[in-house]
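**Q** Below is the structure I would like to discuss, written out as structure tokens.
The values are calculated or read from the model by the stated rules, or taken from the named source; none is laboratory data. Given the structure is predicted, the values throughout are model-derived calculations rather than measurements. As a convention, Cβ positions derive from the backbone with ideal geometry for all residues, glycine included, and neighbour counts pool all protein chains shown. With ligands, DNA and RNA removed, areas are computed over all heavy atoms of the protein, side chains included. Shrake-Rupley method; radii C 1.70, N 1.55, O 1.52, S 1.80 Å.
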Amino acid sequence: MLLLAGISGTVLALDLITKIAAVATLEGEEPITVIDGFFYLTLLRNPGAAWSMATGYTWVLTLVAVVVVGVIIRIARRLASTGWAVGLGLVLGGALGNLIDRFFRSPGPMRGHVVDMLAAFSPDGSIFPVFNIADSGIVCGGILLVLMALRGIEIDGTRG
């Protein structure tokens, strides 16, 4: 549980810091080219999921994130696998980071837009969605959890 808490706290802290920095420095600015044709910094307020899917359903995305957080916290006491702890910590930190935006950012609670600032391949998100640290945690954690499941490793560390 300590590993899960440490990883989720780290992801959450990095996510909040980068979002605060992005809003402070990128608001109203043109995208910044970090690596031409590959990586950009830009500010996007996303009311939906990746590629702004489910834009009209921000409240549903908020509820899904609340459920994910609750499930992870509930099963955390059964954790005995390092891989599962890392994966769940990444997902938990990411879910909390985006959940904070959905609750506390404009236009209001349960409808807040998530701050995204990392753009791959195109600065406008037309090739790959603009994302943030929370999104990266969710995706990397999800991939790790799938790999753990495919290898037959259970949450308690046993092989199924």
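**Q** Could you tell me how many degrees, from 0 to 90 and to the nearest 10, lie between the Cα long axis of helix 82-104 and the main elongation axis, the longest principal axis, of the Cα atoms of the chain?
**A** 40
**Q** Name the residue from TRP59, ILE127, GLY157 whose Cα lies farthest towards the positive end of the charge dipole of the chain, charges +1 on Cβ of Lys and Arg and -1 on Cβ of Asp and Glu.
**A** Looking along the dipole axis, the top candidate is GLY157.
**Q** Relative to the longest principal axis of the C-alpha atoms of the chain, give the angle of the C-alpha long axis of helix 133-150, reported between 0 and 90° and rounded to the nearest 10°.
**A** For 133-150 against the chain, the angle is about 30 degrees.
**Q** Next question, about the same structure. Dipole size in debye (nearest 20) for segment 11-135 around its Cα centre, Lys and Arg Cβ +1, Asp and Glu Cβ -1?
**A** 800
**Q** Which residues does a label at VAL66 reach in segment 107-123, if reach means a backbone N under 13 Å from a point 7 Å past the Cα toward the Cβ?
**A** The answer is 109-112, whose backbone nitrogens lie closer than 13 Å to the label point.
**Q** Given a Förster radius of 22 Å and the C-beta distance between PHE103 and THR55 as r, what FRET efficiency does 1/(1 + (r/R0)^6) yield to the nearest 0.05?
**A** 0.80
**Q** Next question. In whole percent, how big is the carbon plus sulfur part of the accessible area of segment 1-151, probe 1.4 Å, protein atoms only?
**A** Ligands and nucleic acids excluded, carbon and sulfur give 73 percent.
**Q** So how tilted is helix 2-26 from the main axis of the chain? Cα-based, degrees 0 to 90, rounded to 10.
**A** 0
**Q** Another one. In the chain, with Lys and Arg counted as +1 and Asp and Glu as -1 at Cβ, which of these residues, GLY97, GLY137, VAL68, has the Cα nearest the positive end of the dipole, that is, farthest along it?
**A** So the residue furthest toward the plus end is VAL68.
**Q** Let me ask you something else. Of all chymotrypsin sites (Phe, Trp or Tyr not before Pro) in segment 1-66, which ones are in loop regions per DSSP and have a Cβ with at most 16 other Cβ atoms within 10 Å?
**A** PHE38
**Q** 7 Å from Cα along Cα→Cβ at both THR33 and ALA5: what's the point-to-point distance in nm?
**A** Each label point is offset 7 Å from its Cα along the Cβ direction, giving 4.7 nm.
**Q** Over the chain, with a Gaussian network built from C-alpha contacts below 10 Å, which listed residue (VAL130, VAL71, VAL91) shows the highest mean-square fluctuation?
**A** So, out of VAL130, VAL71, VAL91, the one fluctuating most is VAL71.
**Q** Students often get this wrong, so try it: which of [x] 116; [y] 155; [z] 101 is volume of the Cα convex hull per residue in Å³ as calculated from the structure shown?
**A** So the structure-derived entry is [x].
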